[in-house]
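These notes are about the structure you will find just below.
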Amino acid sequence: MKRRAPVRLTHLGAAGWEITADDTTILLDPYLSRLRYRGRFGTLDAPMAPGDTRPVFGPDDDLVPDTVAIDAHITRADFIFHSHSHFNHTLDMPYIARKTGARVIGTESTINLARAGGVPETQLFTVRGGEDYDFGAFSVKVIPSLHSALNGKHYFDSRVVPGDFRAPRRMANDIEGGTLAYLLRLAGHRILWFGSMNYLEREVQGLGPDVAMIAAARQRLEIHDYTRRLLRALGFPRLVIATHWDEQSLPFGAPQDERLREAEIFVKEVKQASPRTRVIVPRHFDTHVLPGKRAR
């Protein structure tokens, strides 16, 4: 039996990832602009790093992707999967999709943002959760999910980005548009990825991933028994990779000490619930390699 090529998972910051195997490159919520903002979701202003002179975006400012940062790290993509439509998940996507020709998979809201951003119709695939698609080199099951419980559980957004939406994008008109998770079957691995700190327990039971990429920021603490319930529903995967743990308004290279301390608490939660599970908290642009499994 021939051994498949290894799978490489590279952390892009926030909820973003690049996954490669053989000639296939998959992006998950790629967001490299890391805008400085204020007034997000009614919370306090985002922290500022010493010496950071980048512009600060307020609720009514046009949100502009940092194409220099994107080009420095994204050279190709075949597919872009999105968990939901907030700017810190989708702002960079239209530029990346136009640049690479990647196919974009996401909710109706995400696809309307892609369309408004000039992505050709042939590259757009709208999903709602429940689909199980075969793309040849891999397959993907789309999992209905939930967004993080922000603002002390007061967060709720039932809106959909309209089909006639046009730029500019602003925080004042930022829409979640529903939330999804994805189970990727790639090179013999089952990789489950979440882009937000919540889930529907009934939808993830029995998925049996060997790798679970779990959103691990402090908002998970608003959810009852978040880590243990999730790991039990997933069958205690052998590898957990923390994602969406960082302070995403800070530029690459800025200290993330406070967020890393919070992520270490998540590591302890995983180990307490599943002692045999290996846990990784990746730094920006760290790459983890999954060995290729033998083809049957």
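The values are calculated or read from the model by the stated rules, or taken from the named source; none is laboratory data. Note that the structure is predicted; figures quoted are calculated from it, not measured. Virtual Cβ from ideal backbone geometry, glycine too; neighbours counted across all protein chains shown. Side chains included, ligands, DNA and RNA excluded: accessible areas come from the protein's heavy atoms. Shrake-Rupley method; radii C 1.70, N 1.55, O 1.52, S 1.80 Å.
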What ranking, highest mean first, results for peptides 72-80, 165-173 when packing means the other Cβ atoms within 10 Å averaged over each residue? 72-80, 165-173
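Once the Cβ-Cβ distance between R229 and R170 is put in as r, and R0 is 45 Å, what FRET efficiency do you end up with, to the nearest 0.05? Intermediate values should be presented prior to the final figure.
Working: r = 36 Å, r/R0 = 0.80.
The pair R229/R170 has a calculated efficiency of 0.80.
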Cross-link partners among lysines for K141, C-alpha distance below 24 Å, same-chain residues fewer than 8 apart left out? K293
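Within 10 Å, count the other beta carbons around each residue, average over each peptide in 141-152, 109-120, and list them highest first. Walk me through the numbers on the way to the answer.
Values: 141-152: 18.3, 109-120: 21.8.
Those peptides, ordered most packed to least, come out 109-120, 141-152.
R38 to V68: extension gain in nm, 0.36 nm per residue of separation minus the Cα-Cα distance? Spell out each step's value before the answer.
On the way: separation 30, 0.36 × 30 = 10.80 nm, distance 2.23 nm.
Result: 8.6 nm gained on full extension.
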So for the stretch 219-296, considering every pair of alpha-carbon atoms, how many percent are separated by more than 18 Å? 49
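Which GluC sites (Glu not before Pro) does the stretch 158-266 hold that lie in a coil by DSSP with at most 14 other beta carbons within 10 Å? All intermediate terms of the calculation are to be shown ahead of the outcome.
Numbers: sites: E176, E201, E203, E222, E247, E258, E262, E264; in loops: E176, E247.
Passing sites in the stretch 158-266 do not exist.
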Just name one of V127, I96, T107: the one whose Cα is farthest towards the positive end of the charge dipole of the stretch 95-139 (beta-carbon charges, Lys/Arg +1, Asp/Glu -1). I96
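Hey, how much of the P(r) for the stretch 38-139 falls beyond 19 Å, as a percent of Cα pairs?
Of all Cα-Cα pairs in the stretch 38-139, 52 percent lie more than 19 Å apart.
Nearest 20 debye, what's the magnitude of the dipole of the chain about its Cα centre given +1 on Lys and Arg Cβ and -1 on Asp and Glu Cβ? Walk me through the intermediate numbers first.
Details: 40 positive and 35 negative charges, 254 e Å.
Here the size comes out at about 1220 debye.
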For the chain, what relative contact order do you get, as a whole percent, if you take Cα pairs closer than 8 Å and at least 6 residues apart? 22
Under 12 Å Cα to Cα from K99, which aspartates and glutamates show up? Leave out anything in the same chain fewer than 8 places away. D71, D78
Out of residues 5 or more away from L186 or on other chains, whose amide H comes under 5 Å of its own, with H placed 1.01 Å from N in the peptide plane? I191
Surface per residue (accessible, 1.4 Å probe) for the chain, Å²: 44
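Pick out, in residue order, every one of the chymotrypsin sites (Phe, Trp or Tyr not before Pro) in the stretch 201-296 that is DSSP loop and has at most 16 other C-beta atoms within 10 Å; say none if there are none. Walk me through the numbers on the way to the answer.
Values: sites: Y226, W245, F252, F266, F285; in loops: W245, F252, F285.
Filter output for the stretch 201-296: F252, F285.
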Could you work out how far apart the two model spin labels at T75 and E222 are, taking each label as a point 7 Å from the Cα in the direction of the beta carbon, and quote it in nm? 4.0
Take D22, project a point 7 Å from its Cα along the Cβ direction, then tell me which residues of the stretch 176-198 have their backbone nitrogen under 15 Å from it. 185-189
If I compute solvent accessible area with a 1.4 Å probe over the protein chains, what percent of it on the chain is carbon and sulfur? 50
Extension gain from E258 to S139, taking 0.36 nm per residue of separation minus the Cα-Cα distance: 39.1 nm
Cα-based reach from K271 at 17 Å (exclusive), listing aspartates and glutamates while leaving out same-chain residues under 8 positions away: D210, D225, E262
